[in-house]
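The values are calculated or read from the model by the stated rules, or taken from the named source; none is laboratory data. Because the structure is predicted, anything quoted here is derived from the model rather than measured. Here the Cβ positions follow ideal geometry from the backbone for every residue, glycine too, while neighbour counts run over all protein chains shown. The area values use the complete protein model at the heavy-atom level, side chains included, leaving out ligands, DNA and RNA. Shrake-Rupley method; radii C 1.70, N 1.55, O 1.52, S 1.80 Å.
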Amino acid sequence: MTLPTGTVTFLFTDIEGSTRLMQQLGDQYVPLQVVHHELLRNAFRSNDGRELRTEGDSFFCVFASALDACQAAASAQRSFAEHPWPEGGAIRVRIGLHTGEAPLMGDEYIGLDVHHAARIASAAYGGQVLVSASTQALVGGSLPSELTLRDLGNHRLRDLAQTEHLFQLVVNGVPDAFPALRTLDGTPNNLPTQLTSFVGRDDVVARAKQLLERSRLLTLTGPGGIGKTRLSLQVAAETFDDFPDGVYFVPLSAVRDQEVIASAIAQALSISLAGNRMPLEAVVRHLRSKKALLVLDNFEQLLPEAAGFPSSLLKESPDLKIVVSSRAALRSYGEQEFPVEPLHLPDPGSKPSVETLSQFEAVKLFIERALAVKPDFHVTNENAPAVAGICERVDGLPLAIELAAARVKLFSPQALHARLEKSLSALGGGSRDLPDRQQTLTGAIAWSYDLLEPSARRLMARFSVFARGAGLEQAESVCGPADEVGVDVTTGLDELADQSLLRRMPDFEDPRLLMLQTIREYAGERLEESGESELIQDRHAAAYTAMAVEAQGHLFGGERKSVLDRLERDLDNFRAALDWSIACQKTEQALRLAAAMWRLWQMRGHLREGRARIESVLALPGVDDHPEAKRLALEAAGGIAYWGADMATATRFYDEALALTRATGDKKALANALYNDSFPRVVGRSDMRAALPILEEAATLYGELADNAGLARCKWAIGNVHYFLEDYPDAIPALEEAIGHFRRLGDTFSLGWALHTRALVSVNTGDAATADPLAAEALKLFSEAGDVSGVTLLLDDCAQLAQLKGERMRALRLAGASRALQAKSGTDLAAITNVTGSKPVPAPNQDEEAGAWEEGRVMSSEEAVAYALQPESGESPGSN
């Protein structure tokens, strides 16, 4: 779909009273909604309209011609008026038109003009078409005879700074008499004029409005800068029709005494307080018979003393409703809390295109505010990743995004992102006419920090050492005992969450808390000032070292996925702990932590990172002073090099680890070191037969120890030797014996790899029937555990199987998926383990084949696994 650029006309529609109709008609509403969609789309198509999106019962369209837009609106209203609707089921649509110039980003228009049509439509009634002055200026003298424009005068629209001169499009034969427009002029109010548009969050506004329908006290909670005030104003503006006696905004940020709240409300309501009249008495008397809405903004500094004030006001005024914005919930009877979340963010690691970015609210806000300060600003595929990175760096907080966007006058997105990576101070300050707490991000956070008790401030500063959150167990061990902190840690963290300085993460079995990065940086500065930073960092590193070491024994059985998920959830904490240990040259701790982490790096596709980190650890001074920790780290380094297909380096590390292990006299450790040392020789094909005596020595030791798991691994390793020697008859019995042992032991990790090798033996002997179930079972095991390395190799197995069966296109898709995952994860082992005997799937050599390869390359890991496991159909993955 080609979208028009330059001067365009936007058309927005909405069904009047859709909620009432749904409740009234029940299941009968859906077929009527389908008719509604058909009538509108016929009107748009017949007048060269481009449908941009549908949200619930609303349509958003664009026209290159303002005249076409008017004719489409007229055609739609004529169709709705003529349609034989069932009794009580007539659908009445309100339409708004506005012409302007809005930059096109991907498939999205950006800028204030986009919002005009929606705001104009919201002022209309069902069956009415409202037109802006800019549209009227273009079509006033060229409308067909059956269409005319009626001047409705100037009106103040919701969420727009300037008054708008509106016209009604009158369509011959269609009813054209309507009540006064639904604008801010029609209802008593003191809502402040908004100088910028409200971007995104349509779903959030809709949920807040629904909650306000069902309750009388709605509290919007969240940290400073998240947009609670702006959201409360938007909800108020969009619920005007429900409050004929007025909608009033009451700013309370300067109020510290609960006795002053009533005076602030009286001022907002313009109530005279003559004589001895008490403010509260006057407010209650004024509101008692009114159907009105109060917006009490910034209530947090009045808690807990004034928590009951809104409820007491509601008891005296049965038709009153109140929206409160506060960083903490009131915990008052009848309160409905609504936590405000950050704006939706793209993943900067995915290198998003302009088209992808245009779908995210955070990016839309950044671009609109950037255009306000730099009209020629535009997003390109080159700077799109930086824009995504900026929004992610500031946690999707609207205030921070607006501050960042203002800096594009000085910096390119790439330069600004680089500066923000170092410090949020690059955000600078905002508009001078805003309150201090809203001019800088630091000011917004400091406002909340200053309201805390000293013990809560200490706990907040200490929690800042956690990267991307923490569970309660780690939080308690790192932050310290209650007598040291001044408060029970669990209770204190709960209070910080209530104050919106921490976020509860509900999607985990164990309680987990997250501190937004913007708040974490501020709290980290407070930790440095306290002089406790080194103590808390040491505790943090010790806690995560212990966690990684404890998890090692649970990475091979049925609980593997849950353990890996838990470790990966704390990957940033492990990184921080390792960085601290290296920076402080805590050599033994760094060695043990890196050694314990290597399986996480391998199984979850972080091999390149793992290699760089473990080599940094092994280069620390004093490594030789800790022979046991060094031995473990060398084994880990050998494993990472092995999975990265660097067999020479793997052999070097494993040989050194073996020498250290022999000196310990520990039979089990020695058997494991021998087992490890055999693999690079086999897979690297440097000295395959020399691996057999190494494995025999290991097996002898495992036998003396009655270690059945070790013996089973040796059987699998011997099977591997024969496989790489292409001695398939001798490989099969060893591999099948290993498979049986692993099944009995419940070692799903080793079982997956034994099945993998056995499947490749069958592929190389042309036995697809035997290989199929083996490869499928192994792929399921690795996929269920989230084992990226395993999935990478098994997708290649499945590609070779498809090639063997003559399913060329399927083979190419699977091979493309495997290569993409290999490149992403660093699992280069796949390039050398799966080419014995049979050849790898040949690269595509024609357009159709290249298309199949590309289809596989862009699949997600989950999509590729599902495709590999589905029955062969010869169809493309997207057609099933």
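If Ile261, Ile718 are ordered by their accessible area, calculated over protein heavy atoms with a 1.4 Å probe, which sequence runs from highest to lowest?
Final ranking, largest accessible area leading: Ile718, Ile261.
If we count every other residue with Cβ under 13 angstrom of Arg611's Cβ, Lys/Arg +1 and Asp/Glu -1, where does the sum land?
-2
With point charges of +1 on the Cβ of Lys and Arg and -1 on the Cβ of Asp and Glu, referenced to the Cα centre of the chain, which listed residue (Pro627, Ser500, Phe44) lies farthest in the positive direction of the dipole?
It is Phe44.
Say the dipole of the range 336-405 comes from +1 at the beta carbon of Lys and Arg and -1 at that of Asp and Glu; which of Asn381, Val340, Thr356 then lies farthest toward its positive end?
Asn381
Toward the positive end of the charge dipole of the chain, about the Cα centre and with charges on Cβ (Lys, Arg +1; Asp, Glu -1), which of Ala133, Gly553, Gly200 goes farthest?
Comparing the listed Cα positions along the dipole, Ala133 ranks first.
Return an integer: the convex hull volume of the alpha-carbon atoms of the chain, in Å³ per residue.
Given the Cα convex hull of the chain, per-residue volume reads 203 Å³.
In the full protein assembly as shown, how much of Arg503 is accessible to a 1.4 Å probe, in Å² to the nearest 10?
70 Å²
Count charges around Glu737 for me, please; just the other residues with Cβ under 15 Å from its Cβ, Lys/Arg as +1, Asp/Glu as -1.
Surrounding charge for Glu737 is +2.
Determine how large the accessible area of Asp450 is when every protein chain is in place; take a 1.4 Å probe and give Å² rounded to the nearest 10.
Looks like 90 Å² after rounding.
From the phi of every residue in the range 134-145, what ³J(HN,Hα) in whole Hz does the Karplus formula 6.51 cos²θ - 1.76 cosθ + 1.60 yield, where θ is phi - 60° and glycine or proline is x?
5, 6, 4, 4, 7, 10, x, x, 10, 5, x, 4
Using r as the Cβ-Cβ distance of Asp48 and Asp347, and R0 as 45 Å, what FRET efficiency do you calculate, to the nearest 0.05?
0.75
Treating the beta-carbon of each Lys and Arg as +1 and of each Asp and Glu as -1, no other charges, what is the dipole magnitude of the range 214-288 about its Cα centre, to the nearest 20 debye?
I would put it at about 140 debye.
List the GluC sites (Glu not before Pro) within the range 75-140 that DSSP assigns to loop and that have no more than 14 neighbouring Cβ atoms inside 10 Å.
Those satisfying the criteria are Glu87.
Please report the spacing between the Cα centers of the range 322-345 and the range 77-138 in Å, no decimals.
Between the Cα centres of the range 322-345 and the range 77-138 lies a distance of 32 Å.
Within a Cβ distance under 12 Å of Arg41, other residues only, what is the Lys/Arg minus Asp/Glu net charge?
Here the charged neighbours net out to 0.
With just the Cα atoms defining each centre, how far is the range 803-824 from the range 701-724? Give it in Å.
32 Å
Rounded to the nearest 0.05, what FRET efficiency do Leu869 and Glu704 have when you use their Cβ-Cβ distance and R0 = 35 Å?
Calculated value: 0.25.
Using all Cα-Cα distances in the range 566-631, what percent lands in each 5 angstrom bin from 0 up to the longest?
Per 5 Å bin, starting at zero, the Cα-Cα P(r) for the range 566-631 comes out as 3, 19, 31, 25, 15, 6, 1 percent.
Which of the GluC sites (Glu not before Pro) found in the range 723-804 are in a DSSP loop and have at most 13 neighbouring Cβ atoms, other than their own, within 10 Å?
Glu726
For the chain, what is the calculated [θ] at 222 nm in deg cm²/dmol (nearest 500), taking -39500 (n - 2.57) for each run of four or more DSSP H residues and dividing by its residue count?
It lands at -17000 deg cm²/dmol.
Just for the chain, what percent of DSSP beta bridges are antiparallel, to the closest 5?
60 percent
Please go through the range 320-417 and write out the chymotrypsin sites (Phe, Trp or Tyr not before Pro) that DSSP classes as loop and that have at most 13 other C-beta atoms within 10 Å.
Answer in residue order: Tyr333.
Please work out how much accessible surface Val340 shows to a 1.4 Å probe, ignoring ligands, DNA and RNA, in Å² rounded to 10.
Per-residue accessible area (Val340): approximately 10 Å².
Normalising by the residue count of the range 568-725, find the relative contact order in percent from Cα pairs under 8 Å and 6+ residues apart.
Here the relative contact order equals 16 percent.
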